[in-house]
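Take a look at the structure set out below.
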Amino acid sequence: MKNKNKGCCCENRVCLCSSDGVLGILSKKWTMCIINHLGEREEGYRFNELEGSVEGISPKSLSSRLKDLKREGLVEREVKDSRPPEVRYRLTKDGKKLDQKLKPLIKWIHERR
């Protein structure tokens, strides 16, 4: 039985090929850590707050990961009309669902250390 997804490697099991966009982002360094931190605060984080809470991340890496997560619909960027403008990042509904699914994985990773 041929799989209808061209180039897909999966037969008779759950196919992850169609989710390679999200999986590609999750596999990048810092992504799961950022999602984990954003999941801690409903009000979200300002960029500098998030940078300070994710120990060791560079501003360039944080900016890049946030753009990736925003493009995938997992993070929203809110700009408040104030002087200076206040920008906050928080998880979307899908991002919150992902955060809840990642928590057991992150716990398992820490237990293995």
Can you tell me which residue is modelled with the highest pLDDT among those in the stretch 65-88 that are loosely packed, with under 14 Cβ neighbours inside 10 Å and either part of a helix (DSSP H, G or I) or among the hydroxyl-bearing types (Ser, Thr, Tyr) (or both)?
LYS67
Do you know which of the residues in the stretch 30-64 that are among the hydroxyl-bearing types (Ser, Thr, Tyr) and not in a loop (DSSP other than H, G, I, E, B) is nearest to GLN100 (Cα to Cα)?
THR31
Meets criteria (closer than 17 Å to GLY21 by Cβ, part of a helix (DSSP H, G or I), out of contact with any Lys or Arg (no Cβ under 6 Å at 6 or more places or on another chain) and among the aliphatic types (A, V, I, L, M)) for LEU102:
yes
Say we look at the stretch 20-64 and pick out the residues that are of a type in the set (Ser, Thr, Tyr) and over 16 Å from LEU105 (Cβ atoms); which of these is surrounded by the most Cβ atoms within 10 Å (Cβ to Cβ)?
TYR45
Only one of LYS29, LYS60 is more than 21 Å from ASP94 (Cβ to Cβ), modelled with pLDDT of 90 or more and either within 15 Å of the chain's Cα centre (by Cα) or of a type outside the set (D, E, K, R) (or both); which?
LYS29
Among the numbered criteria (1) in contact with a Leu (Cβ under 9 Å, 6 or more places away or on another chain); (2) loosely packed, with under 13 Cβ neighbours inside 10 Å, which one does THR92 miss?
(2)
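Being of a type outside the set (S, T, N, Q) and in contact with a Ser or Thr (Cβ under 6 Å, 6 or more places away or on another chain) narrows it down to one residue among ARG65, ARG71; which is it?
On inspection, the qualifying residue turns out to be ARG65.
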Per the list (1) closer than 22 Å to GLY21 by Cα; (2) part of a helix (DSSP H, G or I), residue check on ILE109 breaks on (1)
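The values are calculated or read from the model by the stated rules, or taken from the named source; none is laboratory data. As the structure is a computational prediction, the values presented were derived from the model and not from experiment. Heads up, the Cβs are rebuilt from the backbone with ideal geometry, glycines too, and the neighbour counts pull from every protein chain shown.
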